[in-house]
Amino acid sequence: MAATSVTVSMALGQTLSVAWEVQWWRQVRRWWREDEKRTPKQSIHRNGCRCAAAAAASLCSSPNFTTLMANIPTKTKMTNIRCTQQAGSNRITTLTDWQSSCAILTGKVNHSISSLPFPPALTPMDLVPFPKHGCKLRVAYRGVPGAYTEAAAGKAYPDCEPIPCDQFDVVFQAVEQWVADRAILPVENSSGGTVHRNYDLLLRHRLHIVGEIQMSVHHCLLALPGVRKENLTRVISHPQALSQCEHTLTSLGLDVSREAFDDTAGAAEHVAAEMLRDTGVIASVRAAELYGMEILAEGIEDDKSGNVTRFVMLAREPVIPRRDGDFKTSIVFAGEEGPSFLFKVLSALAFRDIRVTKLESRPHKGCPLRLVNDGLRFDYMYYVDFEASMAETRVQNALSEIHEYTSFLRLLGSYPMVLQTDPSSF
């Protein structure tokens, strides 16, 4: 496909209608998928905004857009439009050329925009788009191949294309910048507790929770081929994995130091690459297969009854909540602390028979300390999960009441509960 670079800067005296916005994003998604079929993935990842620009050029030249622009009120203008096209000998450099090629009509027109036909209503498939034309769903995760989160991505979205990221921040950015379609993150573990870092990132970024999955995680002690447990002087892994296997490592009689690493599978990759024969790794069976490690012990997690990790899936667009089926809703809020602040918020849910499944407090990043009569106190943000759908009237009424008690309230997502617990995951 010939490379096309389009820069459009428009200052509109009034905001375009909802019809234009809907048409814009549909065209962006259509061009993105078509461009993905013709362009190597590396080019797509580095030039994602090119598809949006191409969609702008295509949409501006469509008859619907021409009619829409012709009906914009009198004071609406378009300024500062520049377009450069590198395809053959054609070159557009002036406003006149741009208007001619895209058939944009400007001027004083007194027609009412309300008479224009609107596009069909959005469907759940429009708001949570899946790749078309046979393309795989791209799911970003933290770690390298062999990580537990990669396995969770495969269970949540079979036949997806996992995209490894070196940091949790990068996982969010991959979805925001259209490199990935979904992100998957661990948020809590039955043994290690909450992954606080990811709760902070949920608030910092604008992605929506669109689903969840629960998966049993089974750890293994790995080492290079030929190495015995007695030869190990240290064991490295992710801090959560180390904490989940602390008592078992002691019971094995190993006199080893325990060192934190960024990722379980990354630790296995590091030991294999550096040929560290005195170092063991806590990771999965798949990590052992990928990096040529031997399994010295299996099932070394302390909680033998079920070491379960909960993951959430994120997307740019929210799912449309329904009344049928099991839904979960996640919110975060803050307010003026008082003797009954949290009680009032939780009562708004309890009085409507809404079951709360999680309550987590985190220091307020913007203003962690608050001055009160007897000194400084911490100010908190509260994360709450409850089992109900935003489509239900009782939930809408509850959140309306909660809004009266809080200074900040944000909906993180209302999504179907998909519980998958597979003891033989690894």
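Summary of computed values
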item	result
Looking only at segment 167-199, and only at residues there that are of a type in the set (F, W, Y) and open to solvent by less than 30 Å² (accessible area, probe 1.4 Å), the one that is nearest to R310 (Cα to Cα)	Y199
Residues being in contact (Cβ under 8 Å) with a residue 60 or more places away in the chain, under 26 Å from the mean Cα position of the chain (by Cα) and open to solvent by 50 Å² or more (accessible area, probe 1.4 Å) - total across segment 308-342	6
In segment 210-224, residue nearest to the chain's Cα centre (by Cα) [restricted to those that are under 30 Å from I320 (Cα atoms) and open to solvent by 10 Å² or more (accessible area, probe 1.4 Å)]	V210
Segment 225-248 - residue that is crowded, with 20+ Cβ neighbours inside 10 Å and over 22 Å from D166 (Cα atoms) and, of those, nearest to the chain's Cα centre (by Cα)	Q244
Every pair of residues 6+ apart whose Cβ atoms lie under 7 Å, when the first sits in segment 259-275 and is touching a residue at least 40 places away in the same chain (Cβ under 8 Å) and over 14 Å from G292 (Cβ atoms) while the second is part of a helix (DSSP H, G or I) and not charged (D, E, K, R)	T264/Y148; T264/A241; T264/A287
In segment 259-284, residue farthest from the chain's Cα centre (by Cα) [restricted to those that are in a helix (DSSP H, G or I) and surrounded by fewer than 17 Cβ atoms within 10 Å (Cβ to Cβ)]	E274
Some residue of segment 137-158 being over 30 Å from A272 (Cα atoms), in contact with a Gly (Cβ under 7 Å, 6 or more places away or on another chain) and either crowded, with 18+ Cβ neighbours inside 10 Å or free of Cβ contacts under 8 Å to residues at least 40 places away in the same chain (or both)	no
Pick from segment 170-193, criterion part of a strand (DSSP E or B) and at pLDDT 90 or above, ranking: farthest from K136 (Cα to Cα)	E188
Number of positions in segment 373-426 that are loosely packed, with under 14 Cβ neighbours inside 10 Å, among the polar types (S, T, N, Q) and at pLDDT 90 or above	4
Single match in S251, S305 (criterion: under 25 Å from K358 (Cα atoms), polar (S, T, N, Q) and open to solvent by 20 Å² or more (accessible area, probe 1.4 Å))	S305
Matching residues, segment 343-361, being open to solvent by less than 50 Å² (accessible area, probe 1.4 Å), touching a residue at least 12 places away in the same chain (Cβ under 8 Å) and of a type outside the set (D, E)	V345, A348, L349, I354, K358
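The values are calculated or read from the model by the stated rules, or taken from the named source; none is laboratory data. What you see is a predicted model, and the numbers here were worked out from it, not measured in a lab. In this analysis, Cβ positions are derived from the backbone assuming ideal geometry, glycine residues included, and neighbour counts consider all displayed protein chains. Quick note on the areas: whole protein, heavy atoms, side chains included, nothing else; ligands and nucleic acids left out. Shrake-Rupley method; radii C 1.70, N 1.55, O 1.52, S 1.80 Å.
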